[in-house]
Structures are given as structure tokens and as C-alpha cells.
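This report concerns only the one structure given below.
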Amino acid sequence: KQAVKKDVYQVFAEKVRDHKELVSRWAVLQETRVEYFRGKDFVNFLKNHPEVKDILESDRNLETEDIANILLGKNLLVRCDRVVKTLRPGKKKLSTWPAHLEIFPVIIPLPNTVTFAMVRKDDPMI
């Protein structure tokens, strides 16, 4: 019997999620605790670890943005944004790693916005 071949993007997403050098944090998304990373950290990670892209076989030469869009299209990534968008009294800037996230309502990224992403685990609730 043949083993079911996993999608290369599924394998890529799992490898990226489990890699120790991709900076990530925990947050609450729709009452569920999730691990997430920042978009710019994902770009830096792929720039510093081009060997990870070898998993994608024929798509290994795609730009990072194209890879992210494919992962979003396959529902392996979820685009998120911070829930609290206003400064707390006495603070000068927003937290780099917000504790509460919400699913990003708009598909098209807006210029000059920080986007957070979370790699889906096998949880249909998210």
C-alpha cells in the first residue's frame, strides 16, 4: 500500500513552526491560547535559513511573500492583528508582542501595519 504523501506546504509549515530560531510568543486568539510570530520575523527567518525552503521542492525559489500567501490560501497560516490598538496611559508605544490577537478582517495587507501570523495546528476551532 502507498503511504499518503503530505502536502509540501504542510510539511514546510510544521518545520517552520517547530524551528527554534523563529521567534514566537503565546497569545489569546478567540479564547484559545496560540503561538504566533511576526511577519517581519518570518521574512528574516527565511532569509537566514534558506535551506528550509528546500522542502518546497519546485517552489523553493518563490519570494517569501508568495510563500506566505500560499500558506494563507491553504489555511496553514492565519493573519492576525492586535486587539488593543490604543496606548495605555503613560506608555509611549504599543507592545511588540501583544497578549491578545484577533483574526485580521481584511485580506489585503495595509501599508505600514504590523502583521502577526499564527501557524495552525490541527485545531478546527481556530
Matching residues, the range 1-60, being without any contact (Cβ under 8 Å) to a residue 60 or more places away in the chain, part of a loop (DSSP other than H, G, I, E, B) and in contact with a strand residue (DSSP E or B) (Cβ under 9 Å, 6 or more places away or on another chain): Leu22, Val23, Ser24
In the range 1-37, residue surrounded by the most Cβ atoms within 10 Å (Cβ to Cβ) [restricted to those that are under 29 Å from Val83 (Cβ atoms) and of a type in the set (Gly, Ala, Ser)]: Ser24
Residues of the range 38-77 satisfying the condition of being surrounded by 14 or more Cβ atoms within 10 Å (Cβ to Cβ) and over 13 Å from the mean Cα position of the chain (by Cα): His49, Val52, Lys53, Ile55, Leu56, Asp59, Arg60, Leu62
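Every number here is computed from the coordinates shown, using simple stated rules; none is lab data. Predicted model, so just to flag it, every value in this text is computed and none were measured. Heads up, the Cβs are rebuilt from the backbone with ideal geometry, glycines too, and the neighbour counts pull from every protein chain shown.
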